[in-house]
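Enquirer: Can you keep this structure in mind? I'll have questions shortly.
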Amino acid sequence: MVEFSEREKRQILDYLELLREEINEKLDKYTDFGERCPKYLAEPMRYSLLSTGKRIRPTLTLLACELCGTLRSHALPAACAIEMIHTYSLIHDDLPALDNDDLRRGQLTCHIKYDESSAILAGDALQAYAYEVLSKDVFPKDVAGRCVAILAEACGPCDLVGGQADDMAWKANGAPSLEFLESIHHRKTGAMILAGLRMGATIGGASRLQMEKLDEYGRNYGLAFQITDDLLDVTSDEETTGKHVRKDISQGKLTFPSFLGVEESRKQAYEKVRAAYDALNVFQSDSIVYKCMVGLTQQLLDRKK
Ligand code: FPP
Ligand code: MG
């Protein structure tokens, strides 16, 4: 993998921070509804959406677009749309009927800060609004249509929601296998990461080869992301992650560390990161965008939250 100089590391961090700011600013604008939306709905939506998420998925959308040679501003609405869907999924995941969590992104979860009905409706509204943003603000319209299809598939019954359903119910499905575990991880986490990349690449006008390579990258990145997320639950603390830890064990979740142990999970994460990195070689260049993709990927092995 790549050893960056101190100067390059600084450039990468600065660039990623710039993208984060652009995403946060646009999310803020998008949810400035004024009188059009009841305050008691807009408030919980903004509370969760504008909190301190890492913005990984929208960042990947912007980077994929730029990597394919198109101005990232074209992909900003799609970047915001995926963060809205991601945030809705976190709000609902934290509800008492699902993971029953009271801490997320270093703050009270939406249903604790407000109440359950507000959290359910805030999630519902964010989900619908993501598609409004995509269909109205992505151009040309055939590209918008393709993005709607990409996102809808990734967060629908076979991916995000299906993966979440299996995650909740896996005990009913017999003895676990590594294949089943990877399939849950891919659907509940990887698919959204892949969708972010696919939308960025579609807006960026990716060639067939670029699209294939970004897919390969995304599949491996997504799995590495969830494996390292599982590892944080075992090895990190609340202050660093901004959410409760050891939840997976207490809830009997099927995770990489519970299935393979910590060391083997680290090895698996390394292998996926390596495969993701290798998939980028078709883009190999000295550009800051390429370096950011590589940097983001390698950062997974050193993930703190
Ligand atoms: C943390 O992302 C979230 C995950 C690793 C995904 C877990 C999957 C779910 C919660 C699926 C829920 C689905 C439904 C339908 C309820 P992150 O570390 O990027 O979080 P951040 O945005 O706060 O940084
Ligand atoms: Mg949870």
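Enquirer: Which number in (1) in a helix (DSSP H, G or I); (2) of a type in the set (D, E, K, R); (3) in contact with a strand residue (DSSP E or B) (Cβ under 9 Å, 6 or more places away or on another chain) marks the one condition that ASP230 misses?
Expert: Unmet for ASP230, out of (1) in a helix (DSSP H, G or I); (2) of a type in the set (D, E, K, R); (3) in contact with a strand residue (DSSP E or B) (Cβ under 9 Å, 6 or more places away or on another chain): (3).
Enquirer: Something else about it: Looking at (1) among the hydroxyl-bearing types (Ser, Thr, Tyr); (2) open to solvent by less than 40 Å² (accessible area, probe 1.4 Å); (3) within 30 Å of GLY205 (Cβ to Cβ); (4) away from ligand 1 (no atom under 12 Å from the Cβ), which is the only condition SER118 fails?
Expert: It fails just one condition, (3).
Enquirer: Scan region 8-39 residue by residue and report those that are of a type in the set (Val, Ile, Thr) and either at positive phi or at pLDDT below 95 (or both).
Expert: Selection gives nothing.
Enquirer: For region 73-98: of the residues being more than 18 Å from the chain's Cα centre (by Cα) and either under 11 Å from PRO58 (Cβ atoms) or part of a loop (DSSP other than H, G, I, E, B) (or both), which is farthest from ligand 1 (Cβ to nearest atom)?
Expert: Restricting attention to region 73-98, the residues satisfying the condition of being more than 18 Å from the chain's Cα centre (by Cα) are 73-74, 95-98.
The next check asks that each one be either under 11 Å from PRO58 (Cβ atoms) or part of a loop (DSSP other than H, G, I, E, B) (or both); those that pass are 95-98.
Values: LEU95: 8, PRO96: 13, ALA97: 10, LEU98: 6 Å.
Among those that are more than 18 Å from the chain's Cα centre (by Cα) and either under 11 Å from PRO58 (Cβ atoms) or part of a loop (DSSP other than H, G, I, E, B) (or both), it is PRO96.
Enquirer: May I pose another question? Could you give every pair whose Cβ atoms fall below 8 Å, whose first residue belongs to region 188-213 and is on the phi > 0 side of the Ramachandran plot and in contact (Cβ under 8 Å) with a residue 12 or more places away in the chain, and whose second residue is of a type in the set (S, T, N, Q) and not in a helix (DSSP H, G or I), counting only separations of at least 6 or pairs across chains?
Expert: If the second residue must be of a type in the set (S, T, N, Q) and not in a helix (DSSP H, G or I), the pairs left are GLY205/THR70.
Enquirer: Identify, please: which residue in region 272-297 is of a type outside the set (Asp, Glu) and not in a helix (DSSP H, G or I) and is, among those, most open to solvent (accessible area, probe 1.4 Å)? First the steps, then the outcome.
Expert: Filtering region 272-297 down to residues of a type outside the set (Asp, Glu) leaves 272-277, 279-285, 287-297.
Next, only the ones that are not in a helix (DSSP H, G or I) stay: 284-285, 287.
On the way: GLN284: 113, SER285: 47, SER287: 47 Å².
Taking the candidates together, the pick is GLN284.
Enquirer: Also, I was wondering about something else. Residue by residue through region 44-58, note down the ones that are under 9 Å from the mean Cα position of the chain (by Cα) and either open to solvent by less than 10 Å² (accessible area, probe 1.4 Å) or not hydrophobic (A, V, I, L, M, F, W, C) (or both). Working first, answer last.
Expert: First, pick out the residues of region 44-58 that are under 9 Å from the mean Cα position of the chain (by Cα): 54-58.
The answer is LYS54, ARG55, ARG57, PRO58.
Enquirer: Okay, moving on. With respect to the numbered conditions (1) at pLDDT 95 or above; (2) within 14 Å of ligand 1 (Cβ to nearest atom), which one is the sole condition not fulfilled by MET293?
Expert: Condition not satisfied by MET293: (2).
Enquirer: Then there's this: Which residue is most open to solvent (accessible area, probe 1.4 Å), if the candidates are limited to region 101-115 and must be in a strand (DSSP E or B) and more than 11 Å from ligand 2 (Cβ to nearest atom)?
Expert: Residues of region 101-115 that are in a strand (DSSP E or B), as a first pass: 103-104, 107-108.
Adding the requirement that they be more than 11 Å from ligand 2 (Cβ to nearest atom) leaves 107-108.
On the way: GLN107: 49, LEU108: 84 Å².
Only one residue fits best here, namely LEU108.
Enquirer: Here's something else I'd like to know. Does region 67-77 contain at least one residue that is within 16 Å of ligand 2 (Cβ to nearest atom), closer than 25 Å to LEU300 by Cβ, among the charged types (D, E, K, R) and open to solvent by 10 Å² or more (accessible area, probe 1.4 Å)?
Expert: Our first condition is that a residue be within 16 Å of ligand 2 (Cβ to nearest atom); within region 67-77, this holds for none.
Checking region 67-77: not a single residue is within 16 Å of ligand 2 (Cβ to nearest atom), closer than 25 Å to LEU300 by Cβ, among the charged types (D, E, K, R) and open to solvent by 10 Å² or more (accessible area, probe 1.4 Å).
Enquirer: Residues being within 16 Å of ligand 1 (Cβ to nearest atom) and assigned to a loop (DSSP other than H, G, I, E, B): count how many of those fall in region 247-271.
Expert: 4
The values are calculated or read from the model by the stated rules, or taken from the named source; none is laboratory data. As the structure is a prediction and not an experimental result, all values here were calculated from the model. Because the Cβ atoms are built from the backbone with ideal geometry, glycine has one as well, and the counts that use them run over all protein chains shown. To get the accessible areas, we keep the full protein, side chains included, count just its heavy atoms, and leave off ligands, DNA and RNA. Shrake-Rupley method; radii C 1.70, N 1.55, O 1.52, S 1.80 Å.
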